[in-house]
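Asker: Could you have a look at this structure, given as structure tokens, before my questions?
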Amino acid sequence: MDIEAFFTKIFDKRFITALLVLLMIFLISGGVYVVVEHPPAAVPISERESSFIWIGLTVQTTTEFFAAFFLISIGLVGVYILIEERKADKISSMRLIVALTFIIISFVLLEYLIKLKLGG
């Protein structure tokens, strides 16, 4: 494989788009905070117990980052499936159900994560 073909593959529209979407998810989920601050994965709440959720919106654990990253990714996969399904000639009800399920699960669990962080 020559170098020109290699760079043509790397700078493909789809690859650049996927890379930018991953960067966006990284930023939205709090990746910069995790990289800069190096927070712990769990927070001790007593002598024998620890929690993966830090109460309050000013601090985030590494586990919260991975949970938010995963849930946002699931929601975007659902949106992508919906968009691709709309372009298709034959609409599959199973794909529609899977896409809506991904979006709903992502939304509900992200709301639950926010509720836990607010102390609820």
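The values are calculated or read from the model by the stated rules, or taken from the named source; none is laboratory data. All values reported here derive from a predicted model rather than from experimental measurement. Methodologically, a virtual Cβ is constructed for each residue, glycine included, from the backbone with ideal geometry; neighbour enumeration extends over all protein chains shown.
Asker: With the condition being charged (D, E, K, R) and surrounded by 10 or more Cβ atoms within 10 Å (Cβ to Cβ), I'd like the helices (runs of 4 or more DSSP H) fully within segment 2-92 carrying at least 2 qualifying residues.
Answerer: It comes to 62-87.
Asker: Checking the structure you have, find out if any residue of segment 45-65 is within 21 Å of the chain's Cα centre (by Cα) and over 26 Å from residue 119 (Cβ atoms).
Answerer: no
Asker: List, please: which pairs have Cβ atoms under 7 Å, are six or more places apart or on different chains, and start with a residue in segment 84-101 that is closer than 16 Å to residue 73 by Cβ and end with one that is surrounded by 13 or more Cβ atoms within 10 Å (Cβ to Cβ) and at pLDDT 90 or above?
Answerer: Qualifying pairs under 7 Å: 98/81; 99/78; 99/81; 99/82.
Asker: Cβ-Cβ distance below 6 Å, separation of 6 or more or different chains: which pairs start in segment 19-39 with a residue that is closer than 18 Å to residue 54 by Cα and end on one that is assigned to a helix (DSSP H, G or I) and not β-branched (Val, Ile, Thr)?
Answerer: Hits for this filter: 29/65; 29/68; 29/69; 30/65; 34/65.
Asker: Among the residues of segment 7-27, are any of a type in the set (Val, Ile, Thr) and either touching an Asp or Glu at 6+ places or on another chain (Cβ under 6 Å) or within 20 Å of residue 113 (Cα to Cα) (or both)?
Answerer: Within segment 7-27 (the criterion being of a type in the set (Val, Ile, Thr) and either touching an Asp or Glu at 6+ places or on another chain (Cβ under 6 Å) or within 20 Å of residue 113 (Cα to Cα) (or both)), the answer is yes, since at least one residue qualifies.
Asker: Can you tell me which residues in segment 101-120 are assigned to a helix (DSSP H, G or I), among the hydrophobic types (A, V, I, L, M, F, W, C) and out of contact with any helix residue (DSSP H, G or I) (no Cβ under 7 Å at 6 or more places or on another chain)?
Answerer: Result: 104, 108, 114, 116.
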